Amino acid sequence: MKKIVLTAGLLAMSFGMAHADPIADRQALMKDMGKAVGSVAKIAKGEQPFDAATVKTALETLATDAQKLDADKLFPEGTETGGDTEASPKIWEDRDGFKEQIAKYQADTAAAVKADPQDLESFQMAFKSITANCGACHQTYRVKK
């Protein structure tokens, strides 16, 4: 009986994975990254006191999410139209450039975590680099609705 339940559960999971919605998945990932940026934006602007634990948590979230940015899985052919998406057609026209942008973001977020900023100035430098990546990618590969 346990084998039947386990098998049914595994089949249900694999069915759900096979029919994942890349548009919804990438939007959820972008929202999570936006939430992490928002959690430390006031610190970066000097509007809130520097808090190393909050900064570390946000940077770790950004780095973890960055590793989930897979152009082939989240932006497959056929998802450039349809659905409620702000993805620019340039993603599919300039695939290599898009992947390079993702790789740079992944490297910069990983470097920020490794640097483990312990003061406002070092955090601001890392944050500026990360958000510059966001801005550059959004400017080139996003169509704001």
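None of the figures in this text is laboratory data; all of them are computed from the coordinates on show. Just so it is clear, the structure is predicted and the values come from calculations on it, not from any experiment. Note that we place each Cβ from the backbone using ideal geometry, even for glycine, and neighbour counts take in every protein chain shown.
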Which entry in [x] 142; [y] 109; [z] 124 matches volume of the Cα convex hull per residue in Å³ derived from the coordinates of this structure? [x]
Which entries in 35/104; 56/90; 31/99; 45/99; 56/99; 73/144 show an alpha-carbon gap greater than 24 Å? 56/90; 45/99; 56/99
Under a Cβ-Cβ cut-off of 10 Å, what is the net charge of the residues other than residue 32 that fall near it, where Lys and Arg count +1 and Asp and Glu count -1? +2
Counting each DSSP H run of 4 or more residues in the chain as -39500 (n - 2.57), what helix-only mean residue ellipticity at 222 nm follows after dividing by all residues, to the nearest 500 deg cm²/dmol? -24500 deg cm²/dmol
Under the definition of Cα pairs under 8 Å and six or more residues apart, what whole-number percent is the relative contact order of the stretch 21-141? 33
Quick one: which residues, 5 or more positions from residue 142 or on another chain, have an amide H under 5 Å from its amide H? H modelled 1.01 Å from N in the peptide plane, none for Pro or chain starts. 88
